[in-house]
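J.: Next up is a structure, given as structure tokens.
Where a number appears in this text, it was derived from the coordinates with a stated rule and is not lab data. Note that the coordinates shown come from a computational prediction; the quantities given were computed from them, not determined experimentally. Ideal geometry is used to build each Cβ from the backbone, glycine not excepted, and the neighbour counts take in all protein chains shown.
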Amino acid sequence: MEGLLLLLLSAVGTGGGTWTVAADEEGVRVEQLEGAETPLQEFRAEGVVGASPEACLAAVRADEFFARTAPNVAEARVVASEGESVRWFYARLDPPFIAARDYTLRVEVAAAPSPGGPELQLLWRVENARGPGPRPGTVRVERSDGAWRFLPVDGGRRTLARYELATDPGGSIPRWLARRAQIAGILAAFEELRRTAAQRNP
């Protein structure tokens, strides 16, 4: 199970606008794209983790990572896989006061060259056709792409972790409420990443 993938209904979009600081706590800087002409809410965040990129990637892929960072999960399971690097992951979230949401994500582990060493990546996008069909009373999320990116620091002894998120959860959720939940979720994810990656560090 791809733990962090269900942290929030997430996507990376491109709508123009200006990046502004939404939060800066405990060494994690979260920025939001303001003024974009799109229904997506877009975020990016980064912070340094005291563990290797390999340990960080292992941490966010673990089942228990999801359980500790994504509230209101009614269902979460892998529905298909392709080798060791690609999985399709179905999630249904049932938060209070609003309709449940669900989606199926295609999740891929990848790497890209960088000056300090390989950048390890966890990339995802919606592919609802690979998962269960729509359910009555559940809003189907149609836009969701995102990424974790882990770059080596100090020869790989530490990691610069970057997270990309944008969201259009569908339905009628107040924009301010979605924004607050997403920022809180990003900060919680970094806190859990630092804790669990340190335990997996060689």
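J.: Which FRET efficiency, nearest 0.05, do residue 188 and residue 129 yield, Cβ-Cβ r, R0 30 Å? Mind showing how you got there, number by number?
T.: On the way: r = 31 Å, r/R0 = 1.03.
Calculated transfer efficiency: 0.45.
J.: How much of the DSSP bridge set in the chain is antiparallel, in percent, rounded to the nearest 5? Before the final figure, lay out the partial values.
T.: Numbers: 58 of 61 bridges.
Close to 95 percent.
J.: With springs connecting C-alpha atoms under 10 Å apart, model the chain as a Gaussian network and identify which of 189, 45, 22 has the largest mean-square fluctuation.
T.: Greatest mean-square fluctuation among the candidates belongs to 22.
J.: Further question on the same structure: For residue 139, what is the net charge nearby, where nearby means another residue's Cβ is under 13 Å from its Cβ and Lys, Arg count +1, Asp, Glu -1?
T.: Values: positive: 92, 101, 135, 140, 143; negative: 94, 102, 142, 168.
Taking every Cβ under 13 Å from that of residue 139, the sum is +1.
J.: Pick from 115, 39, 152: which is most flexible by mean-square fluctuation in a GNM of the chain where alpha carbon atoms under 10 Å apart are linked?
T.: 115
J.: Please name whichever of 196, 96, 65 sits farthest to the positive end of the charge dipole of the chain, dipole taken about the Cα centre and charges placed at Cβ: Lys and Arg +1, Asp and Glu -1.
T.: 96
J.: Amide H of residue 100 versus every other amide H placed in the peptide plane: which residues, excluding those fewer than 5 positions away on the same chain, fall under 5 Å?
T.: Under 5 Å from the amide H of residue 100 lie the amide H atoms of 139, each far enough along the sequence or on another chain.
J.: Among the chymotrypsin sites (Phe, Trp or Tyr not before Pro) within region 44-111, which fall in a DSSP loop and have no more than 11 other Cβ atoms within 10 Å of their own Cβ?
T.: Details: sites: 65, 66, 88, 89, 90, 97, 103; in loops: 97.
Counting only loop positions with at most 11 other Cβ atoms within 10 Å, the chymotrypsin sites (Phe, Trp or Tyr not before Pro) in region 44-111 are 97.
J.: So who's got an amide H within less than 5 Å of the one on residue 47, skipping anything under 5 residues away but keeping other chains? H placed 1.01 Å off N, in plane.
T.: HN-HN under 5 Å from residue 47: 161.
J.: About its Cα centre, how strong a charge dipole does the chain have in debye, to the nearest 20, once Lys and Arg get +1 and Asp and Glu get -1 at the Cβ?
T.: Values: 24 positive and 27 negative charges, 60 e Å.
Dipole about the Cα centre, nearest 20: 280 debye.
J.: If I build a Gaussian network model for the chain, linking alpha-carbon pairs within less than 10 angstrom, which residue out of 78, 30, 126 has the largest mean-square fluctuation?
T.: 78
J.: On to the next question. If you keep only loop residues by DSSP, which GluC sites (Glu not before Pro) in region 78-148 have at most 10 other Cβ atoms within 10 Å of their Cβ?
T.: Numbers: sites: 82, 84, 108, 119, 127, 142; in loops: 84, 127, 142.
In loop regions of region 78-148 (DSSP not H, G, I, E or B), the sparsely surrounded GluC sites (Glu not before Pro) are 84.
J.: When the Cα centres of region 88-105 and region 175-196 are compared, how far apart do they sit, in Å?
T.: That distance is 17 Å.
J.: For Cα pairs less than 8 Å apart in space and 6+ apart in sequence, what is the mean separation divided by the residue count of the chain, i.e. the relative contact order in percent? Numbers along the way, then the final one.
T.: Working: 481 pairs, mean separation 57.0, N = 202.
The value is 28 percent.
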